[in-house]
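**Student:** Following this message is one structure expressed as structure tokens.
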Amino acid sequence: MRLTLSMASVLLLAVMGAVPVHAQMDSTVTVPAETASSADAAIAHVRALEVQRQSAMVKPDLAVLQQIFAEDATYVHSNGLLQTRDELFRMLERGEIRYLSFQVERVSYRPYGNDTVVVSGVQRIQLSSSGKTFESYSRYTAVYAPVDGVVKLVSYQSTSMPEVAPSGNR
């Protein structure tokens with residue numbers, strides 16, 4: 001049995017606190033009824049991890065980040081720089097890059113199975129590097145999957161966006 005809801009129904013249920021919103025505003029959410037609760041639980045868990053990740057990157061709190069990132073995670077910055085988890089952590093530890101704030105917009109959470117979630121969104125990040133402060137406006141994707149039975153961030157990539165997107169381009 002499949003449960004199909006219109007976006008209006010999903011929003012109503014979300015306002016009532018019955019389900020999290022994890023769809024684009026112009027789409028219909030179709031979730032197998034028997035897996036809806038496990039998918040919602042996975043999304044709620046990853047939402048919490050994302051908030052913790054962003055907060056820990058601003059502090060920086062490497063102990064929290066080590067719990068969130070898989071040991072073999074890859075992190076691609078909006079400028080195309082690819083780093084391993086440990087390379088990113090060293091930059092944070094030495095203060096070579098400093099995240100000042102995260103503002104996330106238009107985020108979606110897509111569950112795959114009971115414990116893998118792909119997060120996509122648009123974000124505005126204030127950061128400093130080499131004594132200069134920057135603002136990055138980017139589209140990002142984060143993949144959370146089980147590693148030895150614990151859900152971890154396994155891949156992250158962001159792509160710079162122009163400040164004003166063309167009409168109809170989301």
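**Student:** Hey, if we sort His45, His77 by accessible area with the 1.4 Å probe, largest down, what's the order?
**Tutor:** Values: His45 90, His77 20 Å².
Largest accessible area first, the residues go His45, His77.
**Student:** Right, another one. If we count every other residue with Cβ under 15 angstrom of Thr116's Cβ, Lys/Arg +1 and Asp/Glu -1, where does the sum land? Please report the intermediate quantities before stating the final value.
**Tutor:** Numbers: positive: Arg47, Arg110, Lys152; negative: Asp40, Glu50, Asp115, Asp148.
Neighbourhood net charge equals -1.
**Student:** Let me ask you something else. Taking amide hydrogens as modeled 1.01 Å from N in the peptide plane, which residues meet the under 5 Å criterion relative to Ala73, leaving out close sequence neighbours?
**Tutor:** Amide H neighbours of Ala73, under 5 Å, 5+ apart: Arg85.
**Student:** Where does the charge balance sit around Leu100 when Lys and Arg score +1, Asp and Glu -1, over other residues with C-beta under 13 Å from its C-beta? Don't jump to the answer; show the numbers that get you there.
**Tutor:** On the way: positive: Lys59, Arg98, Arg124, Lys132; negative: Glu135.
Net of charged neighbours comes to +3.
**Student:** Give me the Debye-computed log₁₀ of I(q)/I(0) at q = 0.13, 0.17 Å⁻¹ for region 63-170, equal point scatterers on Cα only, no solvent, two decimals.
**Tutor:** Calculated log10 I(q)/I(0) at the listed q: -0.53, -0.89.
**Student:** If you don't mind, there's one more thing I want to ask. Please give me the summed charge of the neighbours of Ala42: other residues whose Cβ is under 14 Å from its Cβ, Lys and Arg +1, Asp and Glu -1. Numbers along the way, then the final one.
**Tutor:** Numbers: positive: Arg47, Arg110, Lys152; negative: Asp40, Glu50, Asp115.
Every neighbour counted, the sum reads 0.
The values are calculated or read from the model by the stated rules, or taken from the named source; none is laboratory data. Predicted, not measured: the structure shown is a model, and the values here were computed from it. Every residue, glycine among them, receives a Cβ derived from its backbone with ideal geometry; neighbour counts consider all protein chains shown. To get the accessible areas, we keep the full protein, side chains included, count just its heavy atoms, and leave off ligands, DNA and RNA. Shrake-Rupley method; radii C 1.70, N 1.55, O 1.52, S 1.80 Å.
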